[in-house]
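A.B. asks: Mind looking over this structure? Questions follow.
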Amino acid sequence: MATGRMNQLVVMVNLCSSVVEGIEHLITSQGNDRLKEDAVSGLLTLEENLKVLQADKTVIHETRWMAEVIKNWLFVYDREFRDRLYRWYFTALKELRNLMFAEIEICPVCSGKGAVHYGASLYMEGDEAGKELLKPVRIFMKCGECGNYYLAKEEPWIIKRKKRAERSRARCSRILADIKGLASDGSMLFIGSQNSQLYKEAASAGYEISSLIESEAMNSGKKGSYGVVIIEHLTDSRDMNAILDKAADCLADGGILWFDGPDLDKSMDLLEKKGSVLWREAASEVYLTREGTKNLAKLFGLTVKSLKRVGTTRGRIEVIAKKA
Ligand SMILES: [Zn+2]
């Protein structure tokens, strides 16, 4: 999952490796001042970052120690020094891995704690070299608190990023009919693109629509007055939480919120029953479940009024939730 903290951790893993490589060089070309400076500054950068990330104190201390010893030429190039170097390297990597895991455990929907749901494998029949590959391409986590799934790891090389498919006109008019059955008045906030089919359908259904794109919605001070709020595409990043909060805020009492999200269980059913692979499609960062959707709505003071699992090839869960 691409968070700033995770990116920082990946950078640090790489820095650790290059620092060790640099020190190995330094050992073979004794007395090279430039190599020495590089090693010291690399170690100090690591130390600084480890502090910011609140890493284990022993690791921070060891990193500082390595920097001081190299800076002051307090070491001899012997076996003992090498051992200490590799020991430092492995503890640092282990600590970074722990920090990464802690980061992955945080659910992007509710900030609860997730656990690995399953490691999925892709068996690709023959790449260019004619070799068969067996490699986990995606790992999903299931949140213990809200019950939804989220993507923890993905091998980016295998997936063809496709443009998001537009909803069909028939689906949009069916969605509007669902909304009409539960809406109490005709004022609507549409969060999404005015070029979308869903917007066009909402407009022709006669709603009095205010529309905002997602980033505007996040920054606007709008509060509770709409009978209907539609989120055209619920973002699957960590902002999901924020946009739902905002949408719930914009609802009048008794107003309804419509949103949908990808349904991993449906895709797994298809994989089991028909062998359809989902791996070649781009994955979302968050997948909803039936129970998870109800918990999610509850987080924002809403009650689920309608929950539909739709789609034959790629499943989605459509939700209409009401503000009490
Ligand atoms: Zn959660």
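A.B. asks: Take the stretch 25-41 and flag every residue that is in contact (Cβ under 8 Å) with a residue 12 or more places away in the chain and exposed (fewer than 13 other Cβ atoms within 10 Å of the Cβ).
C.D. replies: Gln30, the sole residue that qualifies.
A.B. asks: Failed condition for Glu48, given (1) closer than 29 Å to Asp239 by Cβ; (2) within 25 Å of the chain's Cα centre (by Cα), with all others met?
C.D. replies: (2)
A.B. asks: Here's another thing I want to ask about it. Might you check whether a residue that is among the aromatic types (Phe, Trp, Tyr) and surrounded by 19 or more Cβ atoms within 10 Å (Cβ to Cβ) occurs anywhere in the stretch 250-270? Lay out the reasoning, then the answer.
C.D. replies: Going residue by residue through the stretch 250-270, those that are among the aromatic types (Phe, Trp, Tyr) are 258-259.
Next cut, surrounded by 19 or more Cβ atoms within 10 Å (Cβ to Cβ) only: 258-259.
Looking for residues that are among the aromatic types (Phe, Trp, Tyr) and surrounded by 19 or more Cβ atoms within 10 Å (Cβ to Cβ), one finds at least one in the stretch 250-270, hence yes.
A.B. asks: Looking at the stretch 115-122, can you tell me whether even one residue there is part of a loop (DSSP other than H, G, I, E, B) and either out of contact with any Ser or Thr (no Cβ under 7 Å at 6 or more places or on another chain) or modelled with pLDDT of 90 or more (or both)?
C.D. replies: No, that holds for no residue.
A.B. asks: Checking the condition assigned by TED's automatic domain parsing to the domain that holds Leu189 and surrounded by fewer than 20 Cβ atoms within 10 Å (Cβ to Cβ), which residue from Ile213, Ile317, Ile230 passes?
C.D. replies: On the way: Ile317 fails: surrounded by fewer than 20 Cβ atoms within 10 Å (Cβ to Cβ); Ile230 fails: surrounded by fewer than 20 Cβ atoms within 10 Å (Cβ to Cβ).
After ruling out the rest, the residue left standing is Ile213.
A.B. asks: For the stretch 159-170, check the following and say yes or no: at least one residue is touching a Pro at 6+ places or on another chain (Cβ under 6 Å), of a type outside the set (Asp, Glu) and modelled with pLDDT under 90. Full working, then the answer.
C.D. replies: First pass over the stretch 159-170, keeping only residues touching a Pro at 6+ places or on another chain (Cβ under 6 Å): none.
No, the stretch 159-170 has no match at all.
A.B. asks: Which one is surrounded by the fewest Cβ atoms within 10 Å (Cβ to Cβ) among residues in the stretch 98-110 that are near the ligand (Cβ under 8 Å from one of its atoms) and modelled with pLDDT of 85 or more?
C.D. replies: Looking only at the stretch 98-110, we keep the residues that are near the ligand (Cβ under 8 Å from one of its atoms), and these are 107-110.
With the extra rule that they be modelled with pLDDT of 85 or more, the set shrinks to 107, 110.
Details: Cys107: 24, Cys110: 21.
Of everything passing the filter in the stretch 98-110, Cys110 is surrounded by the fewest Cβ atoms within 10 Å (Cβ to Cβ).
The values are calculated or read from the model by the stated rules, or taken from the named source; none is laboratory data. These figures come from a predicted structure and were not determined experimentally. Glycine gets a Cβ as well: all are built from the backbone with ideal geometry, and neighbour counts include every protein chain shown.
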